[in-house]
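Student: Below is a structure I'd like to ask you about.
The values are calculated or read from the model by the stated rules, or taken from the named source; none is laboratory data. For clarity, every value in this text was computed on a predicted model and none was experimentally measured. All Cβ positions, glycine included, derive from the backbone under ideal geometry; neighbour counts span all protein chains shown. Side chains included, ligands, DNA and RNA excluded: accessible areas come from the protein's heavy atoms. Shrake-Rupley method; radii C 1.70, N 1.55, O 1.52, S 1.80 Å.
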Amino acid sequence: MDQKGNLVDTEPKPTINPPENKDKEHEEVGQLLHDEEDLKNTRCGIGPFKPSWLQVLARKEVYVLVYCMVGMVQGMFFTYTVSVISTIEKRFKLTSKQTGAILTGNDISQVLLSLFLGYYGNYGHRPRWMAVGVMFAAGSGFGAALPHFIYGPGEDAIALAGVTSTFEGAGDNSTETYTGKGQELCFSHPAENCGPDGSGGGSYIGPIIFFFCSQFFVGIAISIFYSIGVTYLDDNINKKTYPVYYSISFMLRILGPVLGFFVGGKCLSTWIDPNEAPPLTRKDPRWLGAWWIGYLFIGSGLIFSGSLLFLFPRKLPATLRREAKRVVRQAERDRKEGGDRGLSYFASLARQSKESQEKPTLPNLKKALKRLFTNKIWVGNLFNTTVYVLAASGYWNFKPKYLENQFRKSSTEANYYTGIASLVSLVLGTGLGGAVLRWAQPGPRFVTGYNIFITLLYVCSYVSLMFIGCPKLQVVGPVEGSAIPDCSSNCGCSEKYSPVCSEDQTTLFYSPCFAGCTAANVSSSPIVYSNCRCVTNATIQDDYSAQNSTLFGSVTSGYCPEPCNNFFKYIIIQCIVKTIASTGRVGSSLIHLRSVSDEDKGLALGLLTVFISFFGFIPAPIMMGAIIDSACLVWDTSCGKTGNCWLYDSDKFRTILHLVPAVFVFISVFGDIVVFYYSRQLDLYGDREDQVQLERARRLVGGNATLSKSQNLDPPADT
């Protein structure tokens, strides 16, 4: 001991082996650093099933592949729900506010569990935690499809698809045969089925509960996957190569959300009951796609991919080798600086540091929370991310619905174009951003300053897209600002919305009844309505009592051809902006992970999930859904109850959908500015990792005490 009572290494120091003996050196340190339990925790398998041939899969490349596969299928869940949300609204008579509330189930579970899972799960068997979460998501997929099997395709779908009844069209000189149920014509109206007790119409409560529970349980999987899964990846790869692996994993995982739109488009191109074939085109707003099929596909995919996570070890073998290499580097640096401590000292220090790490207890949780909320970079990034999610979430939840209503696209087209735009933009942008960070390695001020530019770019894009749309639909019928024509004023028409296009391919009628039609041919697709008193070959017929009914024209079901060509301008601008913005994704991830210590990463990601869920994902769809509902012109009314919206004021819809997120994104830039101001000392690429780990180890095991080899690697008694 010295005069201060510190232990002094009194034995001769071993020399550092030359480079050619590094492997032997690493093996020696590994024996000092790791015990039998550490080695056991690196073996693949479950319980006693850990065969030697399976151990070849205990590699970071295999984990990234499985992680991406699970993330891809899991990512399909959210975007698939978004892609079919308008169809679910029509099937179960839901408002946008109600569907927005359903989508919050995903985030409520994240608020309740993310903090717990991010903190405690980081100390457990992380791959198995993730596997359990994925099984929850698989159950959610099957649960989301249950409403179809319980409630069926619905009365509207049965009426549109069924060609079982025949009767004569009523009215003056009407001798044509009307075939098919559920068609409302002039003087001929199908009876409204409200049930024996007068019930029926309006929203279904049962499906709302099913969909909400489904979203709630998939939120559990997301909480685990995007907090624990990211930290497991970061802990098992070299810090310098993290941008490459993250870029690869992100590009593969974004295939999931993109495929979600594609699967949604494919499913919605099939009638809700695949055994039937209604006489409607897919652009007809009454078309109901098979929204439920995709959930069965996603649930099956999650069971398969998630089961593979059970096989991964608590820690990958490469991590143990990297820990040994770090000890060797620390000893080499100490020798170059004139120090006299050998490998045994640094190996013992690293081992004691691992044993002295804070355990997941409530007092330590409070300490960790204090560390995070006094970290200015982390707090600034938290503010920026939360407010940005609040802005973007409401927009993306209703984007396919917006494309359907603004540009008169079918649900299938809306999903395909949304998916293609996302795929091209995110793959190009993320790949470029990851490559730049890996090989150019720009400084933290450049990375954080670039994020400010991206945020302001988003503000400009939302403002510009607010002015790109199509003219408001002019509908002849009971719509605000439109008069009911005299030619159908005595037809006794209800307010059931079934738009039809006149022969001039321009005039749009509210329904065949308001066009004065008395006959329908449902054997054609789209349906052709004839003997329409408000239509002639050239102009609207004023004298609807004319004796010669051949003067009357015909209409077809669905919207008229859209003369507006702004749709592709809208998609191209989005592609350009998203490609540029995606180049900053990897940098944002690096900033969030490197701004906190290793032991706080899981908690930091869990807290981030809590904040963006509680203040972003939960209020955004409800708020945006309520605002969108305010733009509705025509509501579905059945049995005196209000259901889904059929027609929106497209000008108002376009303005609010882009102005609201533009304001919030602009507010979020203040968080970017805080991160930029304090980011100078960030170590993005692990250049100071060895020194940081050494200082952390000394802090944990008792400060400046030195060790003696005679202690045989056991911690000094006073620590």
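Student: Net charge within 9 Å of LYS409 by Cβ-Cβ distance, Lys/Arg positive one each and Asp/Glu negative one each, not counting LYS409 itself?
Tutor: -1
Student: Hey, can you rank 511-520, 79-88, 307-316 by average C-beta count inside 10 Å, highest first?
Tutor: In decreasing order of mean packing, 511-520, 79-88, 307-316 become 511-520, 79-88, 307-316.
Student: Pairs LYS266/LYS315; LYS283/LYS569; LYS315/LYS336; LYS97/LYS266; LYS496/LYS569; LYS90/LYS266: which exceed 29 Å Cα-Cα?
Tutor: As for pairs spanning more than 29 Å Cα to Cα, those are LYS266/LYS315; LYS315/LYS336; LYS496/LYS569.
Student: Please list the non-local residues whose amide H lies under 5 Å from the amide H of LEU647, H modeled 1.01 Å from N, same-chain partners needing a gap of 5 or more.
Tutor: Correct list: LEU633, VAL634.
Student: How much FRET efficiency would the formula 1/(1 + (r/R0)^6) give for GLN55 and ASN566, where r is the Cβ-Cβ distance and R0 is 41 Å, rounded to 0.05?
Tutor: Values: r = 57 Å, r/R0 = 1.40.
Efficiency computed from Cβ-Cβ geometry: 0.10.
Student: Next question, about the same structure. I'd like the Karplus ³J(HN,Hα) series for segment 599-610: coefficients 6.51, -1.76, 1.60, θ = phi - 60°, whole numbers in Hz, and an x wherever there's a Gly or Pro.
Tutor: Rounded to whole hertz, the list is 6, 9, 4, x, 5, 4, 5, x, 5, 4, 4, 4.
Student: At a Förster distance of 35 Å, what's the computed FRET efficiency of TYR677 paired with ARG329, Cβ-Cβ distance as r, to 0.05? Provide the component values of the computation, followed by the final result.
Tutor: Values: r = 33 Å, r/R0 = 0.93.
Once rounded, the FRET efficiency stands at 0.60.
Student: Of all trypsin sites (Lys or Arg not before Pro) in segment 599-680, which ones are in loop regions per DSSP and have a Cβ with at most 14 other Cβ atoms within 10 Å? Present the calculation step by step, with values, prior to reporting the outcome.
Tutor: Details: sites: LYS601, LYS641, LYS652, ARG654, ARG680; in loops: ARG680.
Sparse-neighbourhood loop trypsin sites (Lys or Arg not before Pro): ARG680.
Student: How do TYR450, TYR295 stack up against each other in accessible area, from largest to smallest, with a 1.4 angstrom probe?
Tutor: Order by accessible area, largest first: TYR450, TYR295.
Student: To continue, here is another question. For the pair VAL62 and GLN441, what calculated FRET efficiency results from E = 1/(1 + (r/R0)^6), where r is the Cβ-Cβ distance and R0 = 41 Å, to the nearest 0.05?
Tutor: Numbers: r = 27 Å, r/R0 = 0.66.
Plugging the Cβ-Cβ distance into 1/(1 + (r/R0)^6) gives 0.90.
Student: What does the net charge come to around TYR570 if you take all other residues with beta carbon closer than 12 Å to its beta carbon, with K and R at +1 and D and E at -1? Mind dumping the intermediate values first?
Tutor: Details: positive: LYS399, LYS409, LYS569, ARG654; negative: none.
Charge balance near TYR570 sits at +4.
Student: Right, another one. Hey, rough spin-label estimate for GLN505 and PHE670, points 7 angstrom out along Cα→Cβ, what's it come to in nanometres?
Tutor: 5.4 nm
Student: By how many nm would the segment from LEU551 to ILE150 grow when fully extended, if each residue of separation counts as 0.36 nm and the alpha-carbon distance is taken off?
Tutor: This chain segment gains 139.5 nm when fully extended.
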